[in-house]
1. Taking each pair of distinct Cα atoms in the chain once, what is the resulting Kirkwood hydrodynamic radius in Å?
2. Less than 20 Å apart at the alpha-carbon level, and either on another chain or at least 8 residues along: which lysines does that give for K147?
3. Given the options S81, S218, S113, which has the most mean-square fluctuation in a GNM of the chain, springs set between C-alpha atoms less than 10 angstrom apart?
4. Compute the long axis of helix 11-38 from its Cα atoms, compare it with the longest principal axis of the Cα atoms of the chain, and write down the angle in degrees, 0 to 90, nearest 10.
5. Between A19, A87, A282, find the one with the highest GNM mean-square fluctuation for the chain; connect C-alpha pairs within less than 10 Å.
6. Near the amide H of S181, under 5 Å away, which other amide H atoms are found, from residues 5 or more places off or on another chain, if H is placed in the peptide plane?
7. Nearest 5 is fine: what % of DSSP beta bridges in the chain come out antiparallel, could you say?
8. How big is the C-alpha Rg of region 1-56 next to the rule-of-thumb value 2.2 N^0.38 Å, as a ratio?
Amino acid sequence: MRIIHGQDFDQRAKEEFRATIYSNVIKGIRVLVDAREKLHIPWGDPSNQTHGEVLMGFDTRSTMMAQGIVETKVFLHYLPSIHTLWADSSIQSAYDRRREFQLGESVKYFLDSLDRIGQPDYLPTQQDILLARKPTKGIHEYDFEIKNVPFKMVDVGGQRSERRRWFECFDCVTSVLFLASSSEFDQVLMEDRQTNRLMESLNIFDTIVNNRVFSKASIILFLNKTDLLEDKIKTVSIADYFPDFTGEPHNLSDVQKFLVECFRGKRREQQVKPFYHHFTTAINTENIRLVFRDVKDTILHENLKQLMLQ
């Protein structure tokens, strides 16, 4: 939303994202090194065992790393080992099996860009910032105007540990924008490694959409990561994870229709409040620009309707 509405990131903000991206890269390569061992994939070059040990010896308990921040000099120290490991066939094989473990979707993008990211004067591009991953901790409010209409967007973390704080900030909410990943139907949570991620999203949606706090709020579902879904269904069948799926598992529209119905079916009061859905790719700014234009009209329309009723 900052990019779309002209409040671009200043030098300080970009430097903060740089530290986050360094953290994403180091965490990602460590996950791949660990997965290679657990999946019993032999090294392409046995001498890379040393580089793997160097990365696994990285101190993840430091305060900075815990906050998702890695300084430039620290990252540059580990860069040669990261380069070598990413080029090893065993790490590439582990990456190809990423569905079997927890790996951020942006890791490949950043590892493929190591030459650029590894420059001492590196500053993240807009695309880098969109792909950087940092969990939302606590509650964050953003104010902006669209055509002289003020909007307040409240961002709450989705992790289980964050959810107890949600209802602290839900007074006078006019619309709920619920973001769910459409591509995670075959993945499990990082928190318990047992629960299917899509099922978890459906259960949270059930809690939100049927809560009396939102009895008059419009519900707008964003089924995100359409690009990843389109790629995944070429090789993975959703029917293997959701047996009640009856369409063509490799057909995008069939899978999307099923996903929408899964969420729609969680609403107990079907006729009371409106339900809207959009398929999004959050890293595609133009896609979000068009979607949010529709969302803005929806929010304004619902608010005007409420005013008329009052």
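1. Details: mean 1/r = 0.0462 Å⁻¹.
Averaging 1/r across every pair of different Cα atoms and inverting gives 21.6 Å.
2. Within reach: K296, K305.
3. Answer for the Gaussian network model of the chain: S113.
4. 70 degrees
5. For the chain, modelled as a Gaussian network with Cα springs under 10 Å, the answer is A87.
6. The list, which skips near neighbours in sequence, is N224.
7. On the way: 9 of 21 bridges.
Bridges in the chain that DSSP calls antiparallel: roughly 45 percent.
8. Details: Rg = 17.5 Å, N = 56, 2.2 N^0.38 = 10.2 Å.
For region 1-56, the normalised Cα radius of gyration is 1.72.
Read the figures in this text as sums done on the coordinates, not as results from a lab. Quantities reported herein were computed from a predicted structural model and do not represent experimental measurements. In this analysis, Cβ positions are derived from the backbone assuming ideal geometry, glycine residues included, and neighbour counts consider all displayed protein chains.
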